[in-house]
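Have a look at the structure below before the remarks.
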Amino acid sequence: MADAPARAARVLLGISGGIAAYKGAYLVRRLRERGIAVRCAPTRAAESFVSPLTLEVLSGERVYGRSYLSRDGGAGGAELHVEAAQWADLLCVAPATANTLARLSLGLADDFLSTAALMFEGPVVVAPAMHDAMWRKPQVEARVDALSALGVEIVGPVEGALASGERGWGRMAEPEAILEVVCRKLGVPETGVAPPAGPLAGWRVVVTAGPTHEAIDPVRFLGNRSSGRMGFALARQAALRGAQVTLVAGPVGRETPAGVRRIDVVSALEMRAALEEASSSADLIVMAAAVADYRPRKRADRKLKKSGADGLTLELEQNPDLLAGLASLAPQAMRVGFAAETERLEESARSKLEAKKARWIVANDVSRSDIGFDATDNEVVAFGRDGSRVRFPKQSKDELAGRLLELFAGRRAASG
Ligand code: CTP
């Protein structure tokens, strides 16, 4: 079992072409002072205002600028917009010109920033900057409204001196104001200040994720197809909502979400040991892991050799039910299980609610290939101990994680 430190939060900073681009460079510095990792994506026009080299030195990271993209982004190269979108916890665009605002809101994808933005699934913060006559135009207003409706947080603009020498609304919000919004959304505390606000502020949340591997010999194991996506999404969304999160992760090669404490485990028994340590003061425990029900009775010390054509018989013994065990280990916590079913969804979920003494069982139909195990989307029904039944239509696992956490938080008063 390895206890990995929480990793730094990551921001992809889009900078578009306006005089305020130099403040974008300053924002890089302020973000880094808060311990946040930053990668910059200046548009073509922005490179006339601030050089990629400046951004590279300030961020200490690669810059998705023109020369970098033409070097590595050609045919056969890495899909850099995908890589950048998966790397970041938050996308911030500062400054956002009228043109960039329009492209973001329409979902155009004709340069690196707009393509990465369309790919990105996390929170987005946008700081517009333009002449106030442009800012007041109904077509700009319509684009800003559309972005807000998509959940994008718009910071500023503010009143002040404009590049033209006039005064008016259209000046980009100060980097400090943008920084505050970014930190709040990421759950990064200001140094020495109270914990982040959010609907789960003050909650201790434990999430298990991924499969378990049950060793047969030093090189072979019994496992399952769980990708860990749902559990990692839950951990990430709980942290974004202000919770103190411990993620107990089975063997999956996934990045630790920002601000999350991770305990890596391999087998069901290791997962149980990690839960014993993590769950005693938890308020909410979500068992999204696909725990193996059985393990080989004996683990061979050496690699098993072929021993003839008669086949090989492995003797298996049952693993403990970790969720059921939490009833005595963490009676104070709201306990939630996930059930992967191929038939009779409700009946199986309700019997698991009872057998495992859980408050909620979130059930999905794994016989469908477009949702469930390795898919990016999921569609589930949450069955409550109180008889409730809440259906969540097909959506990304990140979105679904947020909706589920809101359901659990809203029903905290109920026992179990
Ligand atoms: N679970 C657990 N410990 C186990 C098996 C499962 O804690 N040994 C948890 C899972 O993390 C999940 C829930 O129980 O939250 C339901 O898992 P599922 O595999 O659907 O349930 P099983 O009890 O294994 O039932 P089945 O016979 O349908 O596989």
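Values as computed for the structure displayed
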item: For residue 96, residues with placed amide H under 5 Å, excluding near neighbours; result: 127, 129
item: Largest-first principal axis extents, alpha carbons of the stretch 211-312, Å; result: 58, 24, 19
item: DSSP-defined antiparallel bridges as percent of all bridges, the chain, nearest 5; result: 35 percent
item: Built amide H within the under 5 Å cut-off of residue 224, gap 5+; result: 212
item: Net length gained if the chain between residue 137 and residue 351 were fully extended (0.36 nm per residue, minus Cα distance); result: 71.2 nm
item: Gain upon complete extension [residue 57, residue 299; 0.36 nm per residue less C-alpha separation]; result: 82.0 nm
item: Estimated distance in nm for a label pair at residue 254 and residue 396, the labels positioned 7 Å out from Cα along Cα-to-Cβ; result: 1.4 nm
item: Accessible-area ranking of 64, 294, largest first, probe 1.4 Å; result: 294, 64
item: Highest-fluctuation residue, 62, 335, 167 considered, GNM on the chain with Cα pairs under 10 Å; result: 167
item: For the stretch 294-306, Karplus couplings with θ = phi - 60° (6.51, -1.76, 1.60), whole Hz, Gly/Pro x; result: 10, 9, x, 4, 10, 9, 5, 6, 10, 4, 5, 9, 4
item: Difference of contour (0.36 nm per residue) and Cα-Cα distance, residue 66 to residue 163; result: 32.4 nm
item: Centroid-to-centroid separation of the stretch 15-61 and the stretch 228-294 [C-alpha atoms, Å]; result: 34 Å
item: Long-range HN-HN contacts of residue 38 with modeled amide H, under 5 Å; result: 11
item: Environment charge at residue 299 (Cβ cut-off 15 Å; Lys +1, Arg +1, Asp -1, Glu -1); result: 0
item: Fraction of alpha-carbon pairs over 35 Å apart in the chain - percent; result: 37 percent
item: Per-residue ³J(HN,Hα) for the stretch 93-104, Karplus 6.51 cos²θ - 1.76 cosθ + 1.60, θ = phi - 60°, Hz, x for Gly and Pro; result: 10, 8, x, 10, 6, 4, 5, 5, 4, 5, 5, 5
item: Cα centroid separation - the stretch 324-368 against the stretch 113-150, whole Å; result: 41 Å
item: Accessible surface of the chain [probe 1.4 Å, protein heavy atoms]: carbon and sulfur percent; result: 50 percent
item: 3J(HN,Hα) from dihedral phi, the stretch 375-385, Karplus parametrisation 6.51/-1.76/1.60, rounded to Hz, x for glycine, proline; result: 7, 7, 9, 8, 9, 9, 10, 9, 9, x, 4
item: Nearest-20 debye value, the stretch 10-186 charge dipole, Cβ charges on Lys, Arg, Asp, Glu; result: 240 debye
item: Rg to Rh quotient for the stretch 10-186, alpha carbon positions, Kirkwood Rh; result: 0.94
item: Pairwise FRET efficiency - residue 340 versus residue 406, Cβ, R0 = 25 Å, nearest 0.05; result: 0.65
item: Ordering of 46-54, 90-98 by packing [mean C-beta count within 10 Å, highest first]; result: 90-98, 46-54
item: Most fluctuating residue given options 61, 255, 315, as computed from a GNM of the chain linking Cα atoms under 10 Å; result: 315
item: Mean accessible surface per residue for the chain, computed with a 1.4 Å probe while every protein chain stays in place, in Å²; result: 47 Å²
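The values are calculated or read from the model by the stated rules, or taken from the named source; none is laboratory data. As the structure is a computational prediction, the values presented were derived from the model and not from experiment. Reconstructed Cβ throughout: ideal geometry from the backbone, glycine too, with neighbour counts over all protein chains shown. Keep in mind that these areas ignore ligands, DNA and RNA; they rest on the heavy atoms of the full protein, side chains included. Shrake-Rupley method; radii C 1.70, N 1.55, O 1.52, S 1.80 Å.
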